[in-house]
Amino acid sequence: MSVQIWTFIFVFLTFGLYIGIAIWSRASSTNEFYVAGGGVPPLANGMATAADWMSAASFISMAGLISFLGRDGTFYLMGWTGGYVLLALLLAPYLRKFGKFTVPDFIGDRYYSQTARLIAVFCAIVISFVYVCGQMQGAGIVFSRFLEVDLTTGVIIGMTIVFFYAVLGGMKGITYTQVAQYCVLIFAFMVPAIFISLLMTDNPIPQLGFGSELNEAFGGGYLLDRLDGLSQELGFAVYTEGQKTTQDVFFITAALMFGTAGLPHVIIRFFTVPNVRDARRSAGYALVFIAILYTTAPAVAAFARTNLIDTVNNAEYTEVPEWFTTWEATNLISFTDKNNDGRIQYVGDPDRNELEVNRDIMVLANPEIAGLPNWVVALVAAGALAAALSTAAGLLLVISTAVSHDLMKRSLRPDITEKQELRYARIAIFVAVLIAGYYGINPPGYVAQVVAFAFGLAAASFFPAIVLGIFQKRMNKEGAISGMICGFAFTAGYIIYFKFINPGADNADGWLFGISPEGIGTLGTLINLVVAISVGRMTDEPPQEVQEIVEAIRLPGEAMEH
Amino acid sequence: MPDKNAHSYWKGNLKIVLSLLGVWFFISFVCGILLVDLLDSIRIGGFKLGFWIAQQGAIFVFVILVFVYIRLMDKLDADYEDSASGDSNTREGDVE
């Protein structure tokens, strides 16, 4: 059977599964809609968190980015996993004990201020929208390549599915769909990785194959030595050595870690478990489930890069394998025969290099490059869709709760009934789906850049405000609000300046202390902390009842009522 | 409400969190970034040590850290609940 038929089968089966779950898990109260009734078992929540967190970027782009970044790719690997240590130790248990629905809920109540609540609503919506556009674009790429429908149809199909289970089931529907999506995506990521590891190193565990010797067919020698050798030979950077400056890698890693711990769609997942103990456990499970993919990704990156170089360099253009031609049709890989010798020169020197490879196709095309069976190739498509849709759903829920709960119920119209609130939540998801769909079909050219935005902003706004709210009883609204505003404004300003106003200066010489816009969130976090603590010291301490709340969330015991 | 037990519970909690974050910082930022070139001079099989920590090793350590945290906190919780039920104080519950 062809790849396309296999893809149809997998996509049809998995989508049917998601819809089935949606019908089974309809939400009837705001409690169910916002936090799945607070009764999700920690293991299931761990899986759901992992699917929520691992987006199209983790599934499709990350291994590809690493295979071109070499050792520097480590900031994605450590940044996007190390953040879970912060989340587990500094945030998740306390926020569960606090027992509300959303992140703006915590900020608004802890800092006894509508202003703080509204700032948090604003940050949550901006961060989530930026992020959701990338997911839709990822889904679009998969649809257009594997199902050969046009991008618009692809995005509309994806949006309809998400809309269906998010509107019906809210957090409850999303949670159980994400559990299924985790299984699909991890299977789809691991099967090709295991195949390729076996094929190249005879070792079935990709994490070990990464450090093993290649087998006879691939020329022997350690994989990484071979890759270093090939890279040097062709004038690329040595794979296992760093290219970026140490301080830049340091700051980007920290920004991704703080950002991970501050992303509202991840934080709210910990509101869904029954109690504090389960919140800690589910953070642990989530990290295990994430680590399975994240320790495989660098291996996939190295396999894919070696394989790509082996396959295409100096190959006769007329004799390239079939995948090359199919991906050429999507413009994600392109060849210009600069010296007219009919062969592909894939080298580090930009003047002689004849092949442009989009980073995103490394994972998607990897099974084809390695010549794996058609069903494995198709599986990757289903996995990529699961990754994109699960994250999109989590983000849409944040947008919807921010509007219906934080903006309507807690700020503008406190007198609405639960039924009305639920209706607002569903309308908000509907509108958010439409806007996200629009950007999926007409992607702004800068989606890749704005992802850095989401992390930097989450790092510089939420992370310090929540940590201080828990660990500093003395922290008051004046401190928190000024900290969030300064951190957010500084980070947003820096990114906007280098990405949109003056992109020409976006290089190591133009940057402040040699920190790229991707890593500036770390400085934003520090600015937030310093401003918040100094302003907090100079103003009145928070009211007695707020201090009592802080004392209560620090102690074990039953979580407060939702 | 904030009694002696609560105070020592919180101090124990901070100690656990700070020491685990110390390991977190050491493995990722110190070994994986600052000293990576130095550690690369050590080789284990097909891996240079610094490269391996940066791309895989640190993630394994993160997982271990979170599970150590879960265990230590369970123990701390149990101690706190024992001593709290020994006192006449009622257990910490809903405060709303």
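The values are calculated or read from the model by the stated rules, or taken from the named source; none is laboratory data. The model shown is predicted, which means the values in this text are computed figures rather than measured ones. Every residue, glycine among them, receives a Cβ derived from its backbone with ideal geometry; neighbour counts consider all protein chains shown.
Odds and ends about this structure:
- Test: A:F490 is under 17 Å from A:F258 (Cα atoms) and surrounded by fewer than 23 Cβ atoms within 10 Å (Cβ to Cβ): yes
- For beta carbons closer than 9 Å, sequence separation of 6+ or different chains, a first residue in region A:536-551 that is hydroxyl-bearing (S, T, Y) and a second that is in a helix (DSSP H, G or I), the qualifying pairs are A:T539/A:K477; A:T539/A:E478; A:T539/A:G479.
- Condition met for A:G383 (outside any helix (DSSP H, G or I) and closer than 29 Å to A:V142 by Cα): no
- Taken over region B:41-88, residues that are touching an Asp or Glu at 6+ places or on another chain (Cβ under 8 Å), without any contact (Cβ under 8 Å) to a residue 40 or more places away in the chain and more than 21 Å from B:V23 (Cβ to Cβ) amount to 2.
- Only one of the listed residues (A:L198, A:L168) is away from chain B (no Cβ under 14 Å), without any contact (Cβ under 8 Å) to a residue 60 or more places away in the chain and under 30 Å from A:F8 (Cα atoms). That residue is A:L198.
Here's the yes/no breakdown for (1) surrounded by fewer than 23 Cβ atoms within 10 Å (Cβ to Cβ); (2) among the polar types (S, T, N, Q):
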| residue | (1), (2) |
| --- | --- |
| A:L65 | yes, no |
| A:R71 | no, no |
| A:M78 | no, no |
| A:Q114 | yes, yes |
| A:C123 | no, no |
| A:F143 | no, no |
| A:L151 | yes, no |
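- Flag if A:G514 is small (G, A, S) and either crowded, with 17+ Cβ neighbours inside 10 Å or at pLDDT 85 or above (or both): no
- Just one residue in the set A:F33, A:F68 is touching a helix residue (DSSP H, G or I) at 6+ places or on another chain (Cβ under 9 Å) and under 30 Å from A:F303 (Cα atoms); that residue is A:F68.
- When A:P274 is tested against (1) at pLDDT 85 or above; (2) over 21 Å from the mean Cα position of the chain (by Cα); (3) closer than 20 Å to A:I553 by Cβ, exactly one condition is not met: (1).
- Of all the numbered requirements in (1) in a helix (DSSP H, G or I); (2) more than 7 Å from chain A (Cβ to nearest Cβ); (3) at pLDDT below 85, B:Y80 misses one, and that requirement is (2).
- Residue ID - surrounded by the most Cβ atoms within 10 Å (Cβ to Cβ), chosen from residues in region A:89-112 that are in a helix (DSSP H, G or I) and among the β-branched types (V, I, T): A:V103
- Test: residue in region A:451-464 that is out of contact with any helix residue (DSSP H, G or I) (no Cβ under 7 Å at 6 or more places or on another chain) and either within 14 Å of chain B (Cβ to nearest Cβ) or part of a helix (DSSP H, G or I) (or both): no
Per-residue answers, yes or no, for (1) among the acidic types (D, E); (2) more than 30 Å from A:Q207 (Cα to Cα); (3) buried (at least 17 other Cβ atoms within 10 Å of the Cβ):
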site: A:A302; (1), (2), (3): no, no, yes
site: A:Y317; (1), (2), (3): no, yes, no
site: A:P321; (1), (2), (3): no, no, no
site: A:E328; (1), (2), (3): yes, yes, no
site: A:N331; (1), (2), (3): no, yes, no
site: A:S334; (1), (2), (3): no, yes, no
site: A:K338; (1), (2), (3): no, yes, no
site: A:G342; (1), (2), (3): no, yes, no
site: A:Q345; (1), (2), (3): no, yes, yes
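- Residue within region A:302-315 that is at pLDDT below 85 and more than 30 Å from A:Y222 (Cα to Cα) present: no
- Only listed residue being modelled with pLDDT of 90 or more, loosely packed, with under 15 Cβ neighbours inside 10 Å and under 24 Å from A:A286 (Cα atoms), chosen from B:L20, B:L14: B:L14
- Whichever residue in region A:230-268 is over 23 Å from the mean Cα position of the chain (by Cα), more than 10 Å from chain B (Cβ to nearest Cβ) and part of a helix (DSSP H, G or I) and, among such residues, is farthest from B:L38 (Cα to Cα): A:L234
- Within region B:37-66, if we keep just the residues that are aromatic (F, W, Y) and touching a Leu at 6+ places or on another chain (Cβ under 9 Å), the residue that is nearest to A:G83 (Cα to Cα) turns out to be B:F62.
- The residue that is nearest to A:A480 (Cα to Cα), counting only those in region A:517-546 that are surrounded by 15 or more Cβ atoms within 10 Å (Cβ to Cβ) and within 14 Å of chain B (Cβ to nearest Cβ), is A:V546.
- Yes/no for A:G173 being in contact with a Leu (Cβ under 7 Å, 6 or more places away or on another chain) and crowded, with 24+ Cβ neighbours inside 10 Å: no
- Any chance B:L18 is within 22 Å of the chain's Cα centre (by Cα), touching a residue at least 24 places away in the same chain (Cβ under 8 Å) and either facing chain A (nearest Cβ under 10 Å) or closer than 30 Å to A:V238 by Cα (or both): no
- Residue selected from region B:37-51 under the condition within 7 Å of chain A (Cβ to nearest Cβ) and buried (at least 20 other Cβ atoms within 10 Å of the Cβ), by the criterion nearest to A:G284 (Cα to Cα): B:F51
- Residue that is farthest from A:F453 (Cα to Cα) [pool: residues in region A:269-280 that are crowded, with 24+ Cβ neighbours inside 10 Å and facing another protein chain (nearest Cβ under 9 Å)]: A:V276
- Residue in region B:27-38 that is charged (D, E, K, R), outside any helix (DSSP H, G or I) and either under 28 Å from A:Y76 (Cβ atoms) or at pLDDT below 90 (or both) present: no
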